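Reading through the structure tokens given below for one structure.
The values are calculated or read from the model by the stated rules, or taken from the named source; none is laboratory data. Quick caveat, the model's predicted, so the values are computed rather than measured. So basically every Cβ, Gly included, is an ideal-geometry build from the backbone, and we count neighbours across all protein chains shown. For the accessible areas, the whole protein counts, side chains as well, though only heavy atoms, and no ligand, DNA or RNA atoms are used. Shrake-Rupley method; radii C 1.70, N 1.55, O 1.52, S 1.80 Å.
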Amino acid sequence: MITKQSRSIWTEAWGAIKKNARATIAFYVLCFMVVFVVIGPVFSSFAYDFTDWSYLAMPPNFENGHILGTDSLGRDVYVRTLYGGRISLMVGIVSTFVSLFIGVSYGVFSGYMGGKIDGFMMRFIDVMYALPFMFFVILLMVFFGRNIFLIFIAIGAVNWLDMARIVRGQTLALKQKEFVEAAEALGVGALAIMRRHIVPNLLGVVVIYITLTIPQVILVESFLSFLGLGVQEPLTSWGMLVKEGAEDMQSTPWLLIVPAIFLATTLFCFNFLGDGLRDALDPRDRQ
Amino acid sequence: MILSIKGLSVTYQSDDGLIFAVDDIDLSLQEKETLAIVGESGSGKTQSMLSIIGLLPENAQIKGEAFFNNKLLFNQSNNHAEEFRGNEIGMIFQDPMTSLNPYLTIEEQLGLVLKKHLPDEDHGKIILEALNNVKIPDAASKMNQYPHELSGGMRQRVMIASVLMLKPKILIADEPTTALDVTVQAQILALIKDLKDQIDTSIIFITHDLGVVAGISDRVVVMEKGKIVEEGAPEAIYHAPKHPYTQKLIASIPRVDEKNLHHQDAFPNKSIDADNISMEYRIKKGWWSFDTLKAVRNVSCELGQGEILGVVGESGCGKSTLAKSLATMIYPTKGKLKIFGQEANIGNQSLKKITQKEVQMIFQDPVSSMNPRMNIESILSEPLWTHSPNLDKASVREKVISALDRVGLDSSALFRYPHEFSGGQCQRIVIARALMLKPKVIICDEPVSSLDVSIRKQVLELLLTIRKEINASLLFISHDLSVVRQVCDNVMVMYLGQVVEQANVNELFDSPKHPYTKALIAAVPIPDPNIQKQIELKLMEGDPPSPINLPSGCSFADRCAFKNDQCKSEQILTRVDSSLVACIRAREIN
């Protein structure tokens, strides 16, 4: 007889990802990307807001140290892209976790309570969906000024709606499971059931959703920055850099190409990883 | 010889090494023969048959060769199995609902098959004929219905028709009656028995239940862990099994025709006393109108301290609803329910606190009644966390270990997860969880139905020992009458929410009084070919009516062989000998 090894969901998921070449590569590229945007600037002697008056709008050049060129204000593209990456990744991850926290709590509560409470909470979500997102963000920006934390809040506050809906659906299914019924028969309290029995079993869906939300959020931030509603100069993000690069793409194409490559690679990798995880953790495929 | 398989192995590469689903088997099938392949889960019975119709998953590796009518089905290098599927070899599966497409009517459904295999013929005619052959009443109108409009038995008939209309040489039936109620199972078995004589098709009947195939098979093959361990005529297999595994299998089957020798009669202290309780639900019909669904109707029962009360009935008869009310998970809408002397109603929350501790439940599927993300220690600790939150960690663990010990598992189980255990071990863990708080009542909702036959006996014996040890009462819900006979002290038979007969176990099984009980017991297959082949089944026709808006009078009257005009309007509870029977003609017909 073959005995099954003791495995946690993570080792199982990792095992499944390893079988999927695309997802494995995506995972390593993402790890590299995170490390790179954190320590990469060390290898350059320029600061992200330093203006090098002697080299304005220089194409990539190894001799003067601006290996990926400079922008029209003489700032180093390599360093700025990495700093932009920090912001973009941070926005992606922080906003996703904000939406995760709100969405999971809201969704689990609504789904588990059911009945009128569920109906009311879901109608509230419908109302929120009806608010135009852009209008909401512009309103925030106008009232509170441009601020990086506002972006986190704005994106997180909109994204949790999806999360809550997905989690509620899963909760409704889990609620029917016999182990939840067993806990109810035992007199375990509602909060303990949610915490002990529902949330841990949502992990699979949530993990998939995280990897698919992060790129979405990065994209939204880029879009906001592209419209001029994003981060404040001299700070930057990939979206801002792409926007600025696009303005002069005929004369200084490297200003567009470099951040665009970083942005696209990251988005691709998150999506590949998400797809891989979905295949790995989808309960329908597992027995 | 219509089918011959030589040296067939089916293997899978898994993370834990190479798995032999089928391990070097030889098998042959004669024309017009009915071959039964018997084995427990994981014995390779289904895998070996899937290989000959070319439906194994892609990652399966096949070794060996198979011939159909001396034509090659597959060997090491070629696989032609697909060319024979459908027109020469047909297969039906366990659950007829999942085998039928819910969006297609029966005619469209079967038409698809014909479109592929017989594109030029009159489909309507063939389908009608096929449906008539499997004895579907009013077949012409059934053709335009959707699968959900048919009952489980009818759906399985449709599946059989869909295979047989192409007149294949071999019909493979994979547990075709396992998902069905026992009376419907008897109907399907009778149908297969009839078809056997009428058509030129050989039948391979895959099952885990030796009783089912006793009456219909010409030859029986017993499989264990991918190997064939014994093969022979049914008489030889059932009466003189040679291989130890077959012997064990035969010995472990509870029989409905054997007396229960260890039952008790008197239970002076009452744990639960239900007096005429009903449970009604309102189902929304339109915007303002409701239908009333009567899940449980006027049930009176008593559960004594230490008693095992069996509740028997087909699916939808209200067994589980009754169980939930006894655990105060729901409350009766009418009648009086007393638990430990207190009346159960929504206002009595202190009783609910008591029942959460004193009434424990064991569910049908042990794997799904444990949280897959919790380890065994946490699963077993949860009752203690909930009811004695002040207990320190060390004493919780001590109690968990002693509970594991009682159900025959050791402390190495503590940090493992439910999926690492077999079904039988899982059910032991669930029983251990139910015992953590030393309950007075344990409600067992089909506790062994999802377990393999050889494990059932051990789990049942465990339940019986525990009952003795802590003198708990057991409410034993099951659709499997043979198990009930061997375990319970008293039995009630339910039909559409009503108790139709209530008696002590041997009285009920030896001389059933209510026509429904009679039919139910007669429908249970007995694992003995001599008996089973002779029995002229008195089949109960039809299916139970919907529990919504029931007609007055006896609800069983429509299916009853003894009905008269009075039955439609009246129903009374009579005592015949020591049984309580809900039938106005009870005295006349017995």
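Taking a straight Cα-Cα cut-off under 12 Å and skipping sequence neighbours fewer than 8 places away in the same chain, the aspartates and glutamates within cross-link reach of residue B:334 are B:275, B:280. Straight-line reach from residue B:32: which aspartates and glutamates fall under 20 Å, measuring Cα to Cα and dropping same-chain residues less than 8 apart? Counting by Cα, and skipping residues close in sequence, residue B:32 has these aspartates and glutamates nearby: B:88, B:174, B:175, B:194, B:197, B:200, B:218, B:231, B:235. Against the main long axis of the alpha-carbon atoms of chain B, helix B:106-117 sits at an angle near 30°. Going through the DSSP H helices of chain A, which span 24 Å or more along their own axis at the Cα atoms while scoring at least -1.0 as a mean Kyte-Doolittle hydropathy? Answer set is A:21-39, A:77-113, A:148-175, A:199-226, A:254-281. Think of each Lys and Arg Cβ as +1 and each Asp and Glu Cβ as -1; about the Cα centre, that makes the dipole of region B:96-189 roughly 180 debye. Take the Cβ-Cβ distance between residue A:73 and residue B:385 as r, set R0 to 51 Å, and report the resulting FRET efficiency rounded to the nearest 0.05. After rounding to 0.05, the efficiency reads 0.25. Seen against the Cα atoms of chain B and their longest principal axis, helix B:453-470 is set at about 10 degrees. Short-range pairs are left out: with C-alpha atoms under 8 Å and at least six residues apart, the relative contact order of chain A is 27 percent. Think of each Lys and Arg Cβ as +1 and each Asp and Glu Cβ as -1; about the Cα centre, that makes the dipole of region B:264-344 roughly 480 debye.
Mean separation of Cα pairs under 8 Å and 6 or more residues apart, divided by the residue count, gives region A:25-85 a relative contact order of 34 percent. Cross-link list B:270/B:468; B:518/B:563; B:352/B:399: which exceed 19 angstrom alpha carbon to alpha carbon? Beyond 19 Å between Cα atoms: B:352/B:399.
When both bridge partners sit in chain B, DSSP labels roughly 60% of those beta bridges antiparallel. Nearest 10 degrees, 0 to 90: what angle lies between the long axis of helix B:393-406 and the longest principal axis of chain B (Cα atoms)? Once rounded, one gets 60 degrees. Subtracting the Cα-Cα distance of residue B:28 and residue B:197 from 0.36 nm times their residue separation leaves 58.8 nm of extension gain.
Per-peptide packing, taken as the mean over residues of other Cβ atoms within 10 Å, places B:497-503, A:127-133 in the sequence B:497-503, A:127-133 from highest down. Of the residues B:254, B:236, B:274, the one whose Cα sits farthest towards the positive end of the charge dipole of region B:216-278 is B:236 (charges of +1 on Lys and Arg Cβ, -1 on Asp and Glu Cβ, taken about the Cα centre). Once C-alpha pairs closer than 8 Å and six or more residues apart are averaged by separation and normalised to the residue number of chain B, the relative contact order reads 15 percent. Taking the Cα centre of the protein assembly as shown as origin and assigning +1 to Lys and Arg Cβ atoms and -1 to Asp and Glu Cβ atoms, the resulting dipole is close to 1940 debye.
For chain B, the solvent-accessible area works out to 43 Å² per residue, with a probe of 1.4 Å and every protein chain left in place.
When the pairs A:19/B:116; B:319/B:440; B:45/B:125; B:393/B:440; B:6/B:248 are compared against a 32 Å limit on Cα-Cα distance, A:19/B:116; B:45/B:125 fall above it.
Counting only DSSP H runs of at least 4 residues, each contributing -39500 (n - 2.57), and dividing by the residue count of chain B, the helix-based mean residue ellipticity at 222 nm comes to -9500 deg cm²/dmol. Inter-chain neighbour count for B:166-176: the average number of beta-carbon atoms from partner chains within 10 Å of each residue's beta-carbon is 0. Suppose R0 equals 22 Å; then what is the FRET efficiency for residue A:279 and residue B:63 from their Cβ-Cβ distance, rounded to the nearest 0.05? E(calc), rounded to 0.05, equals 0.15. The amide H of residue B:74, built 1.01 Å from its N in the peptide plane, has B:66, B:80 as neighbours under 5 Å, considering only residues 5 or more places off or on other chains.
Rounded, prolate or oblate: pick one for chain B, where a ≥ b ≥ c are the square roots of the eigenvalues of its C-alpha gyration tensor, a/c under 1.5 means rounded, and failing that, prolate if a/b is larger than b/c, else oblate. Because a/c hits 1.5 or more and a/b fails to exceed b/c, chain B counts as oblate. Take the Cβ atoms of residue B:405 and residue B:292, set R0 to 51 Å, and the FRET efficiency comes out at 0.55.
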